[in-house]
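J.: Here it is, the structure in full.
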Amino acid sequence: MLYKIGGKRGRDRPQAKDPVIQALLKFLFKLVTILLLLVLVFKFVFGIYRVNDTAMVPNVNPGDLIFYYRLDKKYFVGDTVVYNFKGQTKLARIVALPGDKVDVDEHGLKVNGSRQYEPKIFKETQAFKDGVSFPLQLGTDEVFVLADNRDKAADSRLFGALKRSQISGKIFNLIRSRGI
């Protein structure tokens, strides 16, 4: 019987991997993991929207970048929200909540019979000729939204109250474009 002395031959040993390749693979794995987590967070928790229209001028300008939170479904009057209407993403301010009675007449906006003071609005609130009929009673799952640039925007005066399911989220941050 022949016995092999000294163990395995040199070519039978597992070869040690290059440390540079190992470090590069670890880095790529971490990078892919971080990118995947960011995509998941911005898909289900947060959202980003770049404003393309003048509906919220002068408070929000075209080119501004909006960050919104998707999980908070408790809305208040004055909250600015991102919503979807006919396949388009839009931006508006909530002016009435479920159960409220909204009226727009020649003197402006009334909610539950009270004239509304809106210090951030610089143009009069008027009803659209082809829009909804006022007064409008909101249902249990509806909110009434108006854009800040009232004479240039399509909002609830045109298409009626929004269902909460149409709202994508509540804005928590705005980054000005500054002409970039």
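The values are calculated or read from the model by the stated rules, or taken from the named source; none is laboratory data. Owing to the predicted nature of the structure, the values given are computational and were not obtained by experimental measurement. In this analysis, Cβ positions are derived from the backbone assuming ideal geometry, glycine residues included, and neighbour counts consider all displayed protein chains.
J.: Residues that are under 19 Å from residue 159 (Cβ atoms): find the strands (runs of 3 or more DSSP E) completely inside the range 46-117 holding 3 or more of those.
T.: Values: elements: 46-50, 65-69, 80-85, 88-96, 101-105, 108-111.
Correct list: 80-85, 88-96, 101-105.
J.: From the set of residues in the range 36-94 that are out of contact with any Phe, Trp or Tyr (no Cβ under 8 Å at 6 or more places or on another chain) and of a type in the set (S, T, N, Q), which is surrounded by the most Cβ atoms within 10 Å (Cβ to Cβ)?
T.: Filtering first and then ranking leaves 80.
J.: Where residues in the range 128-180 are over 11 Å from residue 92 (Cα atoms) and of a type in the set (Ser, Thr, Tyr), which of them is modelled with the lowest pLDDT?
T.: 177
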